[in-house]
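First the structure, in the form of structure tokens, and then the observations on it.
No value in this document is a laboratory result; all are computed from the given coordinates. Quantities reported herein were computed from a predicted structural model and do not represent experimental measurements. Here Cβ is always computed from backbone atoms with ideal geometry, including for glycine, and neighbour counts include all displayed protein chains.
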2 protein chains.
Amino acid sequence: MVPRLTTALTGPLQELERRILDRMPDIERWLRTQWQEHAVPFYASVDLRNAGFKLAPVDTNLFPGGFNNLDASLLPLCVQAVQAAVERLCPDARGVLLVPENHTRNTFYLQNVATLASVLRQAGMRVHVGSLIPGLEAPLPVELPGGGTLVLEPVVRGGRRVGVEGFDPCVVLLNNDLSAGAPAILRDIDQPVAPPLEAGWYNRKKSHHFGVFRSVAREFAALIEIDPWLIDPYFGVCNEVNFQERAGEECLASNVAMVLERIAAQYARYGIDEKPFVIVKADAGTYGMGIMTVRDAGEVTALNRKQRNKMAVVKEGLEVTSVIIQEGVPTYESIDAAIAEPVVYMIDRFVVGGFYRMHTGRGRDENLNAPGAQFSPLAFETPCIPDLGGPVDCPPNRFYAYGVVARLAQLAAAIEIGELAERARAPALA
Amino acid sequence: MVPRLTTALTGPLQELERRILDRMPDIERWLRTQWQEHAVPFYASVDLRNAGFKLAPVDTNLFPGGFNNLDASLLPLCVQAVQAAVERLCPDARGVLLVPENHTRNTFYLQNVATLASVLRQAGMRVHVGSLIPGLEAPLPVELPGGGTLVLEPVVRGGRRVGVEGFDPCVVLLNNDLSAGAPAILRDIDQPVAPPLEAGWYNRKKSHHFGVFRSVAREFAALIEIDPWLIDPYFGVCNEVNFQERAGEECLASNVAMVLERIAAQYARYGIDEKPFVIVKADAGTYGMGIMTVRDAGEVTALNRKQRNKMAVVKEGLEVTSVIIQEGVPTYESIDAAIAEPVVYMIDRFVVGGFYRMHTGRGRDENLNAPGAQFSPLAFETPCIPDLGGPVDCPPNRFYAYGVVARLAQLAAAIEIGELAERARAPALA
């Protein structure tokens, strides 16, 4: 079950949405049994695209920012879910070291850190924010746009433990996606690290995630008797791309052509009157950099210098060599004049809320996670209790389907992290 | 952690409240470790009395009614907590048989059942309401005051399973306090029953509960370095009382005198200017029947016929033979002109909300759970995030102390149920 939130949707229930709502008891039971087998990530956010005929995840973030974009009424759900997470992770915990990104000027991000710290405190934790900013030697107070101050303290290590001056935490909570690698100061420590270092973007690949998602989607689709394509975007991968040197263009072009063809076949099969497109993006990393919409295979061999530069690097200046070519899912949601896509937040195995990412300057077949994006928090709908005797007179929880698909992506991430952790252990055994 | 709710309290933080808030991380950690050792009851409600100098539970209900008195904004927390409870109890569950009290005319109670059923459905369960009403042979629809209909279906048994016609549940959830005994139809079934049959009032005794609570309170008091009396009411017990035959009056009088003396000694020690009183009530059962306030030992030997009749029987016409003499805790809370006491609700190990029980016709040293009581739901306070750098500019969560003391009572109930279940198994081994 997921919170009943307002959505941008007002039309009749789509067939897929209706099927997911109808099969809720089976879905919830299946998810519970999955979480018996796989360790649930501490938290996650999932970007979804809803085309009406198709509802699919397009990105799964294991170090979610944006908690400050959640409606304040959702914070009690976050607090309760954190309690469940802490109990599972480390019932003995009192002190949490929250390790954020190294941003000091992105105050919206820091507001997210402050919100997370507050949720942890309300869940009964002692919290310090331990920063990895190179050269930071003393606590650094940063003013927040919402008022108040966030203090970033240098992480210190003693033996196999980390903390900050005068504070020895029981657990390290990462809100840093480790694009640049697993920091030496956090390696081989005795405290549990959540999510584990292996879940960092230096180690994850979107193609791995969506490969696992494919299996999860198939099993789920069999459960509720739907075509798995309705929730699963096609994709291809090219591993030896160098945009600046124009290497790997043939691989890109052939993969783009292949994915476009497969989409076209499905559109024909379902009578969908849309022009297929793909999203080409770095196979590792985040932050909406290095992403482009492609509607024809010829486009990737005809990139100009500016486009190639844009695609060549992502966060932390890392060079892109691996690329995922993902089926584009048009969004049929909009708020006022802005195209919108839902972002769903989970803590432990609970959907705790979400918001719409909106962009007035982008089309319905474009990436919205770009400069100029705005956020519209989803608040609770006026709660109502369905008539228990006769027909349901309570409007259906339209947000439910979003919560289900987001949790499938979270489950795929759980399996993915398990595989990455196993791979990390393997060399030690060899 | 507990929801941040509005309370009737406006004055400065009392010393006890302040201590509990200050020690939050230690308290939450201690509670987590307790729940590693003891199985948490599915749900519970606890009646508290707050005297300012003292904050204590006076009744712990393992089959809580009154979910309809919770503010609608709290239902998402209930749903999330039910999911945690179901995962713990029976991850395989899809179908829940909810077994309520046999009331058909108390529509407020039935509204509670409808609310519970809705919460379970929103948590992804299939729910039928299975009634034990004698002679019920077909589904009985009952109109609810809030609109809608609740259908009570006769419980049917086949072999070692129970359900209703056409519905075989995975788990039986009791909302019937079993004052009249464990129903034969629910005994020795294969499905899990929550709370277990042994937790019924035919089997529980308040003196047992408060005896266990004493140990819990001592351990907790040592943790936060307070006098355990500040959260624990004194009590005595008389087991061979017959109000109609005036048997056991000496035991009653001497216990009343003993408890009054012990209270007076503490009032003197703390300089509290209050007149001690005790509450005399049946040692088993609920519903506010058979309860009286006593300020002098002489009162219990001078009861008139009407008073004796009132004390002699409780719910289901059961005769009272065992009586608990409990320290009275005056309430210093009021809403408008009504004396008020908080009732705190827990599902699984989470505080999900509460309300004030109020009575304009009762004094601050009287039982408020009586005809004429009204309910004031506690809603969320405007959420705010404390300044993380300097002094906390967010008002403290005054409801927190209530949630802590209520959870101590819930923990005592968990230990108590464990002992009752062990006792129930013992004869089978002999």
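A compact table of results
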| read-out | value |
| --- | --- |
| Alpha-carbon radius of gyration plus Dmax, which is the widest Cα pair, for the range A:46-101 in Å | 15.1, 46 |
| Span-like helix ranges in chain B, DSSP H, alpha carbon extent 18 angstrom or more, Kyte mean at least -0.5 | B:75-89, B:107-122, B:206-224, B:249-270, B:399-429 |
| Rounded to whole Å, sorted largest first: equivalent-ellipsoid semi-axes of the range B:178-260, Cα gyration tensor | 30, 25, 6 |
| Surface/4 estimate of mean projected area, convex hull on alpha-carbon atoms of the range B:83-136, nm² | 4.0 nm² |
| Average partner coverage of A:329-342, which counts Cβ from other chains inside 10 Å | 0 |
| Other copies of A:Ala180: label-to-label distances in nm, shortest first, labels 7 Å along the beta-carbon direction | 7.3 |
| Binned Cα-Cα distance frequencies in the range A:137-200 - 10 Å width, integer % | 19, 45, 31, 5 |
| Residue order, fewest to most surrounding Cβ atoms within 10 angstrom, among B:Asp177, A:Asp296 | A:Asp296, B:Asp177 |
| Rh (Kirkwood; distinct C-alpha pairs) - the range A:268-371, Å | 15.6 Å |
| Residue-averaged beta-carbon neighbours from other chains (10 angstrom radius) around B:114-121 | 3 |
| Where the Cα pairs of the range B:74-213 fall when distances are cut into 5 Å bins, in % | 2, 9, 19, 22, 21, 16, 8, 2, 0 |
| Neighbour count of at most 15 Cβ within 10 Å plus DSSP loop: longest trypsin sites (Lys or Arg not before Pro)-free window in chain A | A:296-430 |
| Cβ-vector label at 7 Å, B:Thr6, separations to other copies in nm | 2.1 |
| B:Ala370/B:Ala426 FRET efficiency (R0 35 Å; Cβ-Cβ; nearest 0.05) | 0.40 |
| Fraction of antiparallel bridges per DSSP, the protein assembly as shown only, in percent to nearest 5 | 80 percent |
| Chain B: relative contact order in percent, alpha carbon pairs under 8 Å with at least 6 residues between | 25 percent |
| Gain on full stretching of the segment that runs from A:Leu13 to A:Asp92 - 0.36 nm per residue minus C-alpha separation | 23.9 nm |
| Whole-number D in µm²/s for the range B:1-101 (Stokes-Einstein; Kirkwood sum over Cα pairs; 37 °C, 0.692 mPa s) | 198 µm²/s |
| Chain B, Rg to Rh (Cα coordinates; Rh as Kirkwood inverse mean 1/r) | 0.96 |
| Cut-off 10 Å between beta-carbons: net charge of the residues surrounding B:Leu408, Lys and Arg +1, Asp and Glu -1 | -1 |
| Computed [θ] at 222 nm, deg cm²/dmol, chain A (DSSP H ≥ 4; -39,500 (n - 2.57); rounded to nearest 500) | -10500 deg cm²/dmol |
| For the protein assembly as shown, average projected area of the Cα convex hull in nm² | 40.3 nm² |
| Other-copy label distances relative to B:Pro192, 7 angstrom Cα-Cβ extension, nm | 2.1 |
| Value of D in µm² per second that Stokes-Einstein yields for the range A:136-291, Kirkwood Rh from Cα pairs, at 25 °C (0.890 mPa s) | 124 µm²/s |
